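Here is the structure we will look at, set down as structure tokens.
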Amino acid sequence: MHAIRDRPRQEDQIDIPHRALCAVCAAVGHFAATVAPDKAYVRKCADMQQTSLRFQAYLFLSFGAIVLTPWPVHASSSGLNNIPTAETAGNLKLVFQGYSTFGVSQGPNDVVAFKFGIDPWETSRWRNRFELGVDSRYAPDDAGPGMFQFKYTTQPDPKLPAICIGVANLGMTAMERVRTGQPFSYAVITQDFRLLRLHGGYALQANHSNTALLGVDKAVKVAGHDVMFRADAIQINRQHDWAASFGGISSIGKHFAFEAWVTQPVNGHKANFTVKLNYILHL
């Protein structure tokens, strides 16, 4: 284990840039009020300033948390249980995640993460959207390095498949990749058939760890809540075995979503269970 050095308090790091942002926004508001005295316009400018300030503050806090904490990161791209799909976080939505995987013969493996969606063409017929994120295992054992993920999805028409390419588990140094595994590069196609959605793709990873990506999901209403049931399958153990999973995700109010699933390898290994809580910020 490596020693964790003392770090400055996060609020001390935030105070100076926060005050600077406030000063900039106040100056912009004063200029807008001077050149355009219309009250409705001034209120609109103030609302834009507040939105901009919240956006910058959320990004500052998010990246600051990653830099100032020793958490390790294995990027959690949007997807089903164990596979990525063409889905991304909503436009300008910042999603904080905490989840734990455990089983009969293993203790909990705990991870924290966040992801951020960019979808400026969400109302267009041809959509292009992006997602970036970072996540990290923080228990048990020593905290590891931060691992990053990025994906790009395009869909020329709502009736056509969405096509996605991305990379996850991306370490910045060779030492980080030795500790947490090699990058996971993938391509996935998602097709909505109304009755259900099908997902298929393929992923490349070093050390004979390539895998097919297969999945299906179905959204329903349960007691007024949006619930999506999901199942997927991936190849494991250097393509010598398959692992299938089944679970779901449910919304809890406006800002929370809860996920849970069970994963069962085909060839006799014991199942493991995963629970995840998402906190969603609408910027």
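For the pairs Lys221/Lys254; Lys159/Lys254; Lys115/Lys221, note any where the Cα-Cα span goes beyond 23 Å. Walk me through the intermediate numbers first.
Numbers: Lys221/Lys254 15 Å; Lys159/Lys254 28 Å; Lys115/Lys221 26 Å.
As for pairs spanning more than 23 Å Cα to Cα, those are Lys159/Lys254; Lys115/Lys221.
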How far apart, in nm, are the 7 Å Cα→Cβ label points at Tyr152 and His225?
3.8
Find the centroid of the Cα atoms in the stretch 149-168 and in the stretch 83-119, then give the distance between the two in whole Å.
18
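Listed highest first by mean packing, meaning other Cβ atoms within 10 Å per residue, what order do 244-257, 179-192 come in?
Packing proxy ranking, top to bottom: 179-192, 244-257.
Using per-residue counts of other Cβ atoms within 10 Å, averaged over each peptide, order 109-116, 89-96 from highest down. Working shown, then result.
Numbers: 109-116: 21.5, 89-96: 18.9.
Highest to lowest by the protection proxy: 109-116, 89-96.
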Normalising by the residue count of the stretch 210-283, find the relative contact order in percent from Cα pairs under 8 Å and 6+ residues apart.
22
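State the extension gain, in nm to one decimal, for the chain segment bounded by Val266 and Leu160, taking 0.36 nm per residue of separation less the distance between their alpha-carbons. Intermediate results must be reported in sequence, preceding the final value.
Values: separation 106, 0.36 × 106 = 38.16 nm, distance 3.31 nm.
Using 0.36 nm per residue and subtracting the Cα-Cα distance, I get 34.9 nm.
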What is the list of residues in the stretch 143-183 whose amide nitrogen lies under 15 Å from a point 7 angstrom out from the Cα of Asn128, following Cα to Cβ?
151-157, 163-165
Return the distance in nm (one decimal) between the two label points of a simple spin-label model at Arg194 and Arg238, each offset 7 Å from Cα along Cα→Cβ.
4.8
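Every read-out reported here was derived from the displayed coordinates using simple, explicitly stated rules and does not represent laboratory data. These numbers come from a predicted model, not from an experiment. Positions of Cβ are generated from backbone atoms using ideal geometry, with glycine treated the same way; all protein chains shown enter the neighbour counts.
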